[in-house]
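The values are calculated or read from the model by the stated rules, or taken from the named source; none is laboratory data. Not measured: the values here are computed from a predicted model. For neighbour counting, all protein chains shown are included, and Cβ atoms are generated from backbone atoms with ideal geometry for every residue, glycine included.
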Amino acid sequence: MSEGAKKTLEDTTRYDPAEVEARVFREWEDSGAFTPEPIGEAANNFSIAVPPPNVTGVLHMGHALNGSIQDTLIRLNRMRGKPTRWIMGTDHAGIATQAQVEKELAGEGTSRREIGREAFVERVWAWRERHGSQIIEQFKRLGASADYSDERFTMDDAYARAVTKVFVELHARGHIYRDNYMVNWDPGLGSAISDLEVEQKSLTDTLYSIDYPLADGSGSITVATVRPETMLADTAVAVSPGDERYAALVGKEVVLPLVGRRLPVIADDHVDPEFGTGALKITPGHDPNDFEIGRKHGFEEISVIGEDGRMTDAAGEPYAGMEAEEACKAVVAALRDQGLISAEEPYKHDVPHSARSGRRVEPLISLQWFCDMSELAKPAMEVVRDGRVRFHPEKPWAKVYLDWLESIRPWCVSRQLWWGHQLPVWYCDACEETYVAEVAPERCGACNGELRREEDVLDTWFSSALWPFATLGWPADTPELKAWYPTDVLSTARDIIFLWVARMVMMGLEFTGEVPFTDVNIHSVIQAPDGRRMSKSLGTGIDPLEAIDEHGADAVRFGLLLMSSSQDVRYSDAKIQQGRDLTNKLWNASRLVLMNAQDAKAARSTKEVEDRWIATRLERSTIEVSERLAAYDFSGAVSEAYRFFWSELCDWYLEIVKPRLYDGEAEVAGHLVWLLERYLALAHPFMPFVTEEIWSYLPDRESGGPLISAPYPEPGSYEPDPLAEREVEDAIELTRRVRRWRDLAGVPVASVLHARPHGGAQPPPEFVARLARLDFGSPAGDAIAAIGPIELLSSDDIDPAQVGERIDARRDELRSEIKRGEGKLANEGFVAKAPPEVVEEERSKLEGYRAELAELE
RNA sequence: GGGCGCGUAGCUCAGUGGGAGAGCGCUCGCUUCACACGCGAGAGGUCGCAGGUUCGAAACCCGCCGCGCCCACCA
């Protein structure tokens, strides 16, 4: 570092992230640490494939937390010497991106249909050129040490080839097929969506009871529905097989009102005799249950609502062409005219809605491409059961994952959109032949007719499922694939375990024969401070970039990691500030050390007991941090790092050694530099900027390079000293007790009290007197209080009345402790059954209390 | 309808069988030569409620109350 920069450290009492971050980030990039060569094999290397953010996206708290987690892991492993790569990139996000560009077109007074598919797709690419790198730049603000030199995009040519190959192969293996099947139709999108993109919303509809007259004129059957307009597509009426009320009617026919079609009355287990009238109208074309029943019985599938949301010709006059809602009113009016509506009541139930557009899902039968998942799911369950893929935390997530795979259903993979991977499928209209191929066939092989390409694109999650290997050059056998696949950790929020995680495992196993990652970290969901969901539309979102501007990236990283202790946590600015305070504490503690140890060589000292104590405490903290990180407990790790630095190193060690430091003692200076070096490295993975910046000021570092590439401190490189630990901890406790006593006895802060060892005890370490403002130099006089191994002598600065109160209070305290201890030891069960060491501890505590009380009386 | 999680100090959260913890906030005292984004001291909790297991329960079991999430085709 230059002279100028050094002045900065000495002259400023505040760490200034704004001055540091951009500069340090550039140094990291220039160092090449982000861009490892693909050497060796994945088993010995470390890699993470980022959950690719939507190319349209902006960084939100979830990204910021997950970025902090991933970067912590990446930096940790890089420092541990493994070739380490964080694969960065973006997702084309079919629906979201298409919607953005459509909005832009609308602003220009045009639409995608008006400009046509080709021009539209060009527009999306242009849009992506303009906005695509925004979120990547925002990841940089966080300090994310990813490989930006080799970003991936799910629509890039190479990636698209992988997608095509997978589709074709899955088709060849019999998993992908085309079928006329009931799908979740999103009328807002004009596309089918998958089951996972449907969310239930509770709302109140009107439940209509409609009388269907029996064909023989002998009466009627009443059915109930919330969608009267779908009756136009009814093909049967079903009752429960055991329902005596209707037993005689099964096999008869009813006449469908308004239509006149004759419908059979059938018995089917699906019908709940307890619900409504116990009779169910069967509409295979517009209800998922009825669809199943219809297929079972071989009923006709009539579609009266089309993909445009309007009634089809099959609905007949006057309904054809109406919006479904309009048709609903018309049908009800007509039925009412005929006196066939026997009841109307409000009915609250769950209704499927599109998670994409928010519109009510219209179940209808459509010709779509499906992927049967049953065979793919089996190995994906196996690898979680046998531990080849581990969830963190394991507790709910492994089971959640397995339960879903256990009952997995076919996946509708085709989407009626324009932005995405167009299906590699061609049709011959002349002879109805279908071709699924990686390379476009020129003409129909059967009749030599013209071929027409399938217009649909694939579900975005289809391409996302290939992310861990398609980003590395698969299907080619590249050095990247060898070096980085399987990846190590996949970190994400719980909401995409099914959409993404499970599908990656399935596709990874199917196409590479290996798991795509060995560990899945499911991180907390950060809620708004009031407990609501953070969302732009609710106005509850908090912008991580603003937090970074205000407090610095390290503070935000620390705060988010600290917050992320359980499944759902509330965002807390106080935690970010705690991180900010820690960066500042680091900065200032470093100033103290460096301003007084500029010529020191980093060297662990064993000279004084406090030196051995703090080294031991650092070792214990290093172990704790390592263990927490290994357990994916990032909150625990940063919390421990904070505690050690603030409460032990700064609060005690620095205060204890100040005289030695000011005195120019070489051992303590070297020890401090050593401590600082080791701690900076320990904390670097989660607070990279401030630690790197301070690192640059350290004198005579062993490692000449930047901290990002320095070795991570591992436990076990030196011996802890439990005796020193015990001795200093006792002295600290004594200091605290004296301070407390002074405060409660009304002794002015500045006054020095005389004291002497008590009861034959050794005098305490020097720092006790200094930090508790005691003087052991004139040991004569009357004792006024005994505190552990010392007693305090009378002084004019002591208020006798307050001392009296203090003693009384302490006596009460001791008596109650003694009573508690005696009670416990009098309990025969306790003495007989509790572990001996617990009983022994209880006895020695009791003894101590009795002795202290005896002195006070 | 099924499954899961949570309920601990005013707030946000740790703690999973042996004497209730942290950060913030609050009170009192400190312009102590690294840091007032600081230092020292302190107050504050029947650990949601009610049972049970145990020598011993915030923790384990059962029930209840409250909050939240996920899954699910009862019209």
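State which residue pairs qualify: first residue more than 21 Å from A:S524 (Cβ to Cβ) and inside region A:382-396, second residue within 14 Å of RNA strand B (Cβ to nearest atom) in any location, beta carbons under 9 Å apart, and separation of 6 or more residues or different chains. Correct list of pairs: A:V384/A:F391; A:V384/A:A398; A:V384/A:Y401; A:V384/A:L402; A:V384/A:L405; A:R385/A:A398; A:R385/A:L402.
Going by the conditions given, is A:G285 within 16 Å of RNA strand B (Cβ to nearest atom), among the small types (G, A, S) and within 17 Å of A:S366 (Cα to Cα)? In short, yes. Beta carbons closer than 6 Å, at least 6 apart along the sequence or on distinct chains, pair a first residue in region A:805-823 that is under 24 Å from A:R742 (Cβ atoms) with a second that is small (G, A, S) and modelled with pLDDT of 85 or more for A:R806/A:A745.
If you take the residues of region A:397-428 that are touching a residue at least 24 places away in the same chain (Cβ under 8 Å) and among the small types (G, A, S), which of them is farthest from RNA strand B (Cβ to nearest atom)? Filtering first and then ranking leaves A:G420. If you go through region A:426-457 and keep only what is out of contact with any helix residue (DSSP H, G or I) (no Cβ under 7 Å at 6 or more places or on another chain), among the aliphatic types (A, V, I, L, M), surrounded by 12 or more Cβ atoms within 10 Å (Cβ to Cβ) and within 23 Å of A:R117 (Cβ to Cβ), you end up with just A:L451. Only residues that are within 30 Å of the chain's Cα centre (by Cα) and assigned to a strand (DSSP E or B): list them for region A:186-206, please. Correct list: A:D186, A:S191, A:A192, A:I193, A:V198, A:E199, A:Q200, A:K201, A:S202.
Restricting region A:358-373 to residues that are more than 15 Å from RNA strand B (Cβ to nearest atom) and surrounded by fewer than 19 Cβ atoms within 10 Å (Cβ to Cβ), the residue that is farthest from A:E292 (Cα to Cα) is A:R359. The combined condition, being more than 14 Å from RNA strand B (Cβ to nearest atom), assigned to a helix (DSSP H, G or I), of a type outside the set (S, T, N, Q) and surrounded by 15 or more Cβ atoms within 10 Å (Cβ to Cβ), is fulfilled by A:A327. Given the structure, is A:I266 under 20 Å from A:A215 (Cβ atoms) and either within 16 Å of RNA strand B (Cβ to nearest atom) or within 51 Å of the chain's Cα centre (by Cα) (or both)? The answer is yes for A:I266. When we screen A:E791, A:E842, A:E857, A:E852 for residues that are surrounded by 16 or more Cβ atoms within 10 Å (Cβ to Cβ) and at pLDDT below 85, the only hit is A:E852. May I ask you to verify whether A:F830 is within 28 Å of A:E655 (Cα to Cα), in a helix (DSSP H, G or I) and within 14 Å of RNA strand B (Cβ to nearest atom)? Spelling it out, it is not the case that A:F830 is within 28 Å of A:E655 (Cα to Cα), in a helix (DSSP H, G or I) and within 14 Å of RNA strand B (Cβ to nearest atom).
Restricting the first member to region A:620-638 and to residues that are touching a residue at least 60 places away in the same chain (Cβ under 8 Å), and the second to residues that are polar (S, T, N, Q) and outside any helix (DSSP H, G or I), the beta-carbon pairs closer than 7 Å and six or more apart or on different chains are A:Y632/A:N521; A:F634/A:S564; A:S635/A:S564; A:S635/A:S565.
To keep it simple, each residue is scored yes or no on (1) hydrophobic (A, V, I, L, M, F, W, C); (2) more than 8 Å from RNA strand B (Cβ to nearest atom); (3) touching a Phe, Trp or Tyr at 6+ places or on another chain (Cβ under 7 Å).
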residue: A:R532; (1), (2), (3): no, yes, no
residue: A:S537; (1), (2), (3): no, yes, no
residue: A:G541; (1), (2), (3): no, yes, no
residue: A:F558; (1), (2), (3): yes, yes, yes
residue: A:I576; (1), (2), (3): yes, yes, no
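Against the conditions (1) on the phi > 0 side of the Ramachandran plot; (2) within 8 Å of RNA strand B (Cβ to nearest atom), A:Y632 satisfies every one except (2). Criterion first (hydrophobic (A, V, I, L, M, F, W, C), closer than 17 Å to A:A224 by Cα, surrounded by fewer than 20 Cβ atoms within 10 Å (Cβ to Cβ) and touching a Leu at 6+ places or on another chain (Cβ under 9 Å)) does A:V351 satisfy it? Answer is yes for this residue. Scanning region A:636-656 for residues that are farther than 30 Å from A:P393 by Cβ, more than 7 Å from RNA strand B (Cβ to nearest atom) and not hydroxyl-bearing (S, T, Y) returns A:L649, A:W652, A:I656.
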